Amino acid sequence: MDEVKFSIPQVVAILKGELLQSSRKEEAISDILIDSRRLIAPEQCLFFALVTRRNDGHRYIGELYDRGVRHFVISNPQESPEKYPEASFIRVPDTLAALQDLCAAHRKKFRIPVIGITGSNGKTVIKEWLFQLLSPDHRVIRSPKSYNSQIGVPLSVWQIQPDHDLGIFEAGISEPDEMQKLQAIIQPTLGIFTNIGAAHNENFIHTRHKAGEKLKLFTRVDTLIYCLDYTEIRETVIRSGLLESIRVFTWSRKQEADMRIVKTLRQSGKSLIRASFSGKEFDIRIPFTDHASIENAIHCWAALRMMGYDHDVIASRMMHLQPVAMRLEMKEGINHCSVINDSYNSDINSLAIALDFLNQQNQHRSRTVILSDILQSGRNDDELYGEIADLMEKKGIRRLIGIGPAISRQADKFPMEKVFFPDTQEFLRKFSFSSFQNESILLKGARMFEFEQISQALQQKAHETILEINMNALIHNLNYFRTRLKPTTRIMAMVKAFSYGTGSFEIANVLQFHRVDYLAVAYADEAVELRKAGIIIPIMVVNPDEQSMDAIIKHNLEPEIYSFRVLDLLEDAIRKNILPDNKPVKVHIKLDTGMHRLGFDPEEADGLIARLEQNRHLLVQSVFSHLAAAEDPDEDHFTRRQLEQFGRLAARFREAFGNQFLLHILNSAGISRFPEAQHDMVRLGISLYGVASWAPDHGHLENVVTLRTVISQIRNIPAGETVGYNRSWTAERDTMVAVIPIGYADGLSRRLSNGNGKVVIRGQEAPLVGYVSMDMAMVDVTGISAREGDDVIIFGREY
């Protein structure tokens, strides 16, 4: 279907704006932009010059005009529009309000059901879980990440297109009178009010006031779902009079409701939830045990009930819910510590979530929490901090550092090692940071305590040139591929070669937390380090050698067997280690179906099966092969021939060993292009890190890695002067040249010298000039308002 577009006269009418100047090109608008760094295609793009406390979009009009953008919405122009003769300018009193009005008009073009979600916690998880649960049946559009603000909501709704038949959007507010604006944009038909807590309380009279403001999202829904156990929500709904105009579906653990939770049983990493409604009891199981996940799952359960889903379908899909990336930041700290920064908000619900995440980090056994006062909770301090103390004791927290007068007064409640300070400055002045050693540290503080100072002090000091790893992007990519898989298909994540250079343990730990089924490494020593760091999920070793066989056996690793020579080496090691019969070594058998790199040839299959059947100390975990050209449509005939041959070989192994092992052949491109060949498991490699193996996946993946440095010095090079070794580059005009502290010793190829490579400074591309040196390079920054110390992006999300 064609995408929805607006003509410039239509935009002017919707915004009630003043057309100061018309573009010579009569283009229809299909894309909106608020950040000059995110420009991809300037054609049919409308830029809103938003004005915030930190920035003013009007500054970037000239830059965007030079890059091809021709349509602008402005409120306070700094230059005359006549300077840009080919552009159209629409003047409005408030560019943010204009953005919201245009997106609200876009929403009105679609008569599709929309789920609107608000509350203090759980919005993003419920949205993502509903997407997982409903996407098999619907073409779903949803808010990206946690786009729930006055800017994020309109940007999310703008993405609705004619082929979507369901929307799921979250909405958050921090001040009164914000929600009605978001209601007009989202126009939800089904509402979910997750809960109410102390987050953002500073701008509301009390929690009931905040609940009333949030409730404004649901004034025109058909049905509202909420939990009766939140007294403020229940009372606010009653007082609002909404019960006379909308339908509600309630659930409760404590009182009669449309859905009564009668039992919750946690066991072996899973939870059974039993509920009674319509006079019958029903069970679901979810792969989570924390309180927040259980509550989020119940909201999803209620939503699917209201949408008419059969209970068997609901129960089946609930079992396969996948974790959602959290907003927690995890960074390398001083003295071999890991620092988890969760200072976004501070209330007991989000503290419980953060403690669960902390407990998943297996790198360090010792865990410390730095916690500020919990502000405006509306609860008695004795009761509040007593509950927090019990929670921390149950989670095995070794040490508490309390900051603030309220928590300090409750010191006797905490049974673990503890120390208290009246404020952050006193902590920074008096606490000995050398006492932090080989531990995981959780920072959980209300904003007024400025815990960013603590985070900065605890982080390991980095060089000016650093490689940043975006864990949320990694999980986004993982979940993108998960949406393309059957619920029963397992995932093997490739973390070989130091996770493609991104850091093995940190990546492996996040993947383990987000429930991948297997990891694969290149060499056994990589896997041994992961085991020592607390990684417990199965690990396949792709290149086992003679020296590594003992370590493979000792650390419960699973070697890839691709030849009889490797099989001989493993069998020799098993004999030397005298393994008991009940502890066989798990192996993965690689078959060559056309890649012709590693693997058993088809004619070797019968002999291999016979060898494996004779050795009771070997247990086949998987049989697999490797596609040579899954990303290339021109080679589809060859790929299908590989798939057919693998199917024939797999049948011979099934005949010999039954169904006790897994089959897998698909790589990242194969997942997207040959979904019928998923078998039991797929392997995610470099696409997990944001590099698309197949071009159509590119727009759906996020770059995980950013290499950045800073400008060391800026020099004015007169015309005719040369720069760098061998005088290989000559300035054709007076040129501003920036020196950056990165060179070929850091991996910056010399082939990028003399204009062949570019970097990004202040959102603009800047070419490399002269030869790349061992630890320095030079960049032409003429026309860029660059300063010494500015960030320079070599590659990454902002490029």
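Considering only residues that are of a type in the set (Phe, Trp, Tyr) and either more than 35 Å from the chain's Cα centre (by Cα) or within 13 Å of LYS590 (Cβ to Cβ) (or both), which ones fall in region 519-576? Within region 519-576, TYR562, PHE564 qualify. Would a scan of region 757-774 turn up a residue that is open to solvent by 70 Å² or more (accessible area, probe 1.4 Å) and touching a Pro at 6+ places or on another chain (Cβ under 7 Å)? Within region 757-774, one or more residues are open to solvent by 70 Å² or more (accessible area, probe 1.4 Å) and touching a Pro at 6+ places or on another chain (Cβ under 7 Å).
Considering (1) within 30 Å of LEU485 (Cβ to Cβ); (2) modelled with pLDDT of 95 or more; (3) open to solvent by 20 Å² or more (accessible area, probe 1.4 Å); (4) not in a loop (DSSP other than H, G, I, E, B), the lone condition that HIS679 does not fulfil carries the number (4).
Can you confirm whether region 224-241 contains a residue that is of a type outside the set (A, V, I, L, M, F, W, C), under 21 Å from GLU170 (Cβ atoms) and exposed (fewer than 15 other Cβ atoms within 10 Å of the Cβ)? No, region 224-241 has no match at all. Among the residues of region 283-300, at least one is under 29 Å from THR489 (Cβ atoms), open to solvent by less than 20 Å² (accessible area, probe 1.4 Å) and assigned to a strand (DSSP E or B). Kindly indicate whether ALA211 is more than 23 Å from PHE110 (Cα to Cα), outside any loop (DSSP other than H, G, I, E, B) and more than 25 Å from the chain's Cα centre (by Cα). When the stated conditions are applied, ALA211 passes them. The residues listed here are GLN161, GLN187; of these, the one that is polar (S, T, N, Q) and over 17 Å from LYS216 (Cα atoms) is GLN161. Within region 245-277, the set of residues being among the basic types (Lys, Arg) and open to solvent by less than 80 Å² (accessible area, probe 1.4 Å) comprises ARG253, ARG260, ARG274.
Return the residue satisfying two criteria in turn: it lies in region 15-30 and is in a strand (DSSP E or B) and under 20 Å from ALA97 (Cβ atoms), and of such residues it is most open to solvent (accessible area, probe 1.4 Å). Within region 15-30, the match that is most open to solvent (accessible area, probe 1.4 Å) is GLU18. What are the pairs, 6+ residues apart or on separate chains, where a residue within region 90-101 that is closer than 18 Å to GLN10 by Cβ has its Cβ under 6 Å from a residue that is open to solvent by 80 Å² or more (accessible area, probe 1.4 Å) and outside any strand (DSSP E or B)? Sorted first by the residue in region 90-101, then by its partner, the pairs are GLN100/LYS181. Total residues in region 626-654 satisfying the condition of being among the polar types (S, T, N, Q) and open to solvent by 30 Å² or more (accessible area, probe 1.4 Å): the figure is 1. Residue pairs whose Cβ atoms lie under 6 Å apart, separated by 6 or more positions or on different chains, with the first residue in region 716-728 and surrounded by fewer than 11 Cβ atoms within 10 Å (Cβ to Cβ) and the second of a type in the set (D, E, K, R), are PRO718/ASP734; ALA719/ARG733; ALA719/ASP734. Right, PHE657: open to solvent by less than 30 Å² (accessible area, probe 1.4 Å), of a type in the set (Phe, Trp, Tyr) and in contact (Cβ under 8 Å) with a residue 24 or more places away in the chain or not? When the stated conditions are applied, PHE657 does not pass them.
Within region 613-623, being touching a helix residue (DSSP H, G or I) at 6+ places or on another chain (Cβ under 8 Å) and of a type outside the set (Val, Ile, Thr) holds for GLU613, ASN615, HIS617, LEU618. Within region 47-106, work out how many residues are over 33 Å from the mean Cα position of the chain (by Cα), in a loop (DSSP other than H, G, I, E, B) and among the small types (Gly, Ala, Ser). So the answer is 3.
In region 184-206 there is at least one residue that is closer than 17 Å to ALA105 by Cα and out of contact with any strand residue (DSSP E or B) (no Cβ under 9 Å at 6 or more places or on another chain).
Within region 371-453, considering only helices (runs of 4 or more DSSP H) that don't extend past its boundaries, which have at least 1 residues that are in contact with a helix residue (DSSP H, G or I) (Cβ under 8 Å, 6 or more places away or on another chain) and of a type in the set (Phe, Trp, Tyr)?
On the way: elements: 381-394, 405-409, 424-430.
Result: 381-394, 424-430.
The values are calculated or read from the model by the stated rules, or taken from the named source; none is laboratory data. Since we're looking at a predicted model, the values are computed, not measured. Cβ coordinates were reconstructed from backbone atoms using ideal geometry, including for glycine residues, and neighbour counts include every protein chain displayed. The accessibility values were calculated without ligands, DNA or RNA, using every heavy atom of the protein model including side chains. Shrake-Rupley method; radii C 1.70, N 1.55, O 1.52, S 1.80 Å.
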